[in-house]
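If you scroll down you'll find the structure; I have some questions about it.
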Amino acid sequence: MKDDRRHPFRDSSQDMETAHRVPDTPQSRAPAYRLAFADPEFLMRDELRPVRLQLELMKPQIVMDERGIVSTVVMFGGARIPSPERKDSTTEGLASLAPYYEEARKFARAVTERSMETYGRELVIVTGGGPGVMEAGNLGAHEAGGQSIGLNIVLPHEQAPNAYVTPDLSFNFHYFAVRKMHFLMRARAVVVFPGGFGTLDEMFESLTLIQTKRMKPIPFLLFGRDFWEKIINWQALAEIGTISPEDLRHFRFVETADEALDALDEWE
């Protein structure tokens, strides 16, 4: 991060370095003596949760502002969907979804080529930073020679960002809520590929924000009509009345990367 301070005071990093050089005494070893912002045990207290929420919101915001990122294209999709070359090592059901990995890669590559016309300021691909469709999205951006964002979250099982996220734009979160905010704060479009609980959660929360007018309508594309109509009876929701028929207009089904690009260009 750049140093753009314009005040004459000593900065926090200088004082933290000085505090580490003080004489070793019972007083200087006591937790109470630690600088508050350099005291992990203090920062992890329940009472400091609002501060941690604020920090987690601000860090990616500041980094992306410094990188000049104005808008993004969000890609949601299953972490378990294999690439075509790995489909034989998984279940038959997941193997049948492998073509979506390739479409995600193609879509992200094409969008990133457009992004590079603005020097990477607009239409930057953002994924959850993990495997499957997320990896495909970051891979496509990487193949186009552009940057892409990964918004990982700490999970009980070990994981790491996929290898194609731009390192300086690879973020890690503790709070799901803050991570979801960063997915949508700069979103110019949302595309959703087949997936599981996480994908459904992200999709429905985003649609709810649009439906309730808490978020401006943006292009919202669902890859794979057969998949989505098999797992969700959209028409029944409208017929029963739990949603309005007009709510079905908030999204559009597409099958290929080319069709998705055309849908973005034609979106009213």
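The values are calculated or read from the model by the stated rules, or taken from the named source; none is laboratory data. Please read these numbers as outputs of a predicted model, since none were measured by experiment. All Cβ positions, glycine included, derive from the backbone under ideal geometry; neighbour counts span all protein chains shown. To get the accessible areas, we keep the full protein, side chains included, count just its heavy atoms, and leave off ligands, DNA and RNA. Shrake-Rupley method; radii C 1.70, N 1.55, O 1.52, S 1.80 Å.
Please list Val124, Val51 from largest to smallest accessible area, probe radius 1.4 Å, with all protein chains kept in place.
Result, largest first: Val51, Val124.
To continue, here is another question. Between Glu239 and Asp65, what FRET efficiency follows from the Cβ-Cβ distance if R0 is 41 Å, with the result rounded to 0.05?
Working from the Cβ atoms, E equals 0.35.
With each label point set 7 Å from Cα along the Cα-Cβ vector, what nm distance links Glu229 and Ala32?
Placing both labels 7 Å beyond Cα along the Cβ direction yields 7.0 nm.
Here is a further query. What ³J(HN,Hα) values, in whole Hz, does the Karplus curve 6.51 cos²θ - 1.76 cosθ + 1.60 give for the range 82-94 when θ = phi - 60°, with x put for Gly and Pro?
x, 5, x, 6, 10, 5, 6, 9, 9, 6, 4, x, 5
Place +1 on the Cβ of every Lys and Arg and -1 on the Cβ of every Asp and Glu in the range 69-266, take the dipole about the Cα centre, and give the residue among Trp228, Ser206, Thr256 whose Cα lies farthest towards its positive end.
Working it through, the farthest residue towards the positive pole turns out to be Ser206.
State the extension gain, in nm to one decimal, for the chain segment bounded by Arg114 and Arg188, taking 0.36 nm per residue of separation less the distance between their alpha-carbons.
Full extension of this stretch gives 25.3 nm more.
What size of dipole, in debye to the nearest 20, comes out for the chain about its Cα centre when the only charges are +1 on Lys and Arg C-beta atoms and -1 on Asp and Glu C-beta atoms? If you can, show how the numbers build up before the last one.
Numbers: 31 positive and 40 negative charges, 177 e Å.
Around 860 debye, computed over the chain.
Same structure, new question: Working out 0.36 nm times the residue gap between Arg121 and Leu209, then minus their Cα-Cα distance, what length gain in nm do you get to one decimal?
Values: separation 88, 0.36 × 88 = 31.68 nm, distance 2.48 nm.
Computed gain between Arg121 and Leu209 is 29.2 nm.
Hand me the trypsin sites (Lys or Arg not before Pro) from the range 1-68 located in a DSSP loop with no more than 10 other Cβ atoms within 10 Å, in residue order please.
Filter output for the range 1-68: Lys2, Arg5, Arg6, Arg10, Arg21.
Leaving ligands, DNA and RNA out of it, report the carbon-plus-sulfur percent of the accessible area of the range 69-266 at a 1.4 Å probe. Walk me through the numbers on the way to the answer.
Numbers: 5200 of 9890 Å².
Of all accessible area on the range 69-266, carbon and sulfur atoms account for 53 percent.
Here is a further query. So, taking all protein chains as they sit and a 1.4 Å probe, how much accessible area belongs to Glu229, in Å² rounded to tens?
My reading of the accessible area for Glu229 is about 90 Å².
Here's another thing I want to ask about it. Work out the length of the dipole vector of the range 1-149 about its Cα centre, built from +1 on the beta-carbon of each Lys and Arg and -1 on the beta-carbon of each Asp and Glu, and round it to the nearest 20 debye. Don't jump to the answer; show the numbers that get you there.
Values: 20 positive and 23 negative charges, 43 e Å.
Taking the Cα centre of the range 1-149 as origin, the dipole is about 200 debye.
Helix hunt in the chain: which complete DSSP H runs extend at least 18 Å axially by C-alpha with mean Kyte-Doolittle at least -0.5?
49-66, 197-211
Here is a further query. Just one of (1) 17.7, 56; (2) 19.5, 57; (3) 21.8, 74 is Rg and Dmax of the Cα atoms in Å as worked out from the coordinates here. Which one is it?
From the options (1) 17.7, 56; (2) 19.5, 57; (3) 21.8, 74, the structure gives (3).
Right, here's the next one. Helix-only estimate, please: 222 nm mean residue ellipticity of the chain, summing -39500 (n - 2.57) across DSSP H runs of length 4 or more and dividing by its residues, to the nearest 500.
Mean residue ellipticity, 222 nm, calculated: -12500 deg cm²/dmol.
Report for the chain the percent antiparallel among DSSP-assigned beta bridges with both residues inside it, nearest 5.
So the antiparallel bridges amount to about 0 percent of the total.
May I ask you to rank His250, His7 by accessible area, largest first, using a 1.4 Å probe over the protein chains only?
Numbers: His250 45, His7 85 Å².
Largest accessible area first, the residues go His7, His250.
Here's something else I'd like to know. If I stretch the segment between Glu246 and Arg10 completely, what's the gain in nm (0.36 nm per residue apart, minus their alpha carbon distance), one decimal?
79.2 nm
Ignoring ligands, DNA and RNA, what accessible area per residue does the range 69-266 give at 1.4 Å, in Å²?
Counting only protein heavy atoms, the per-residue value for the range 69-266 is 50 Å².
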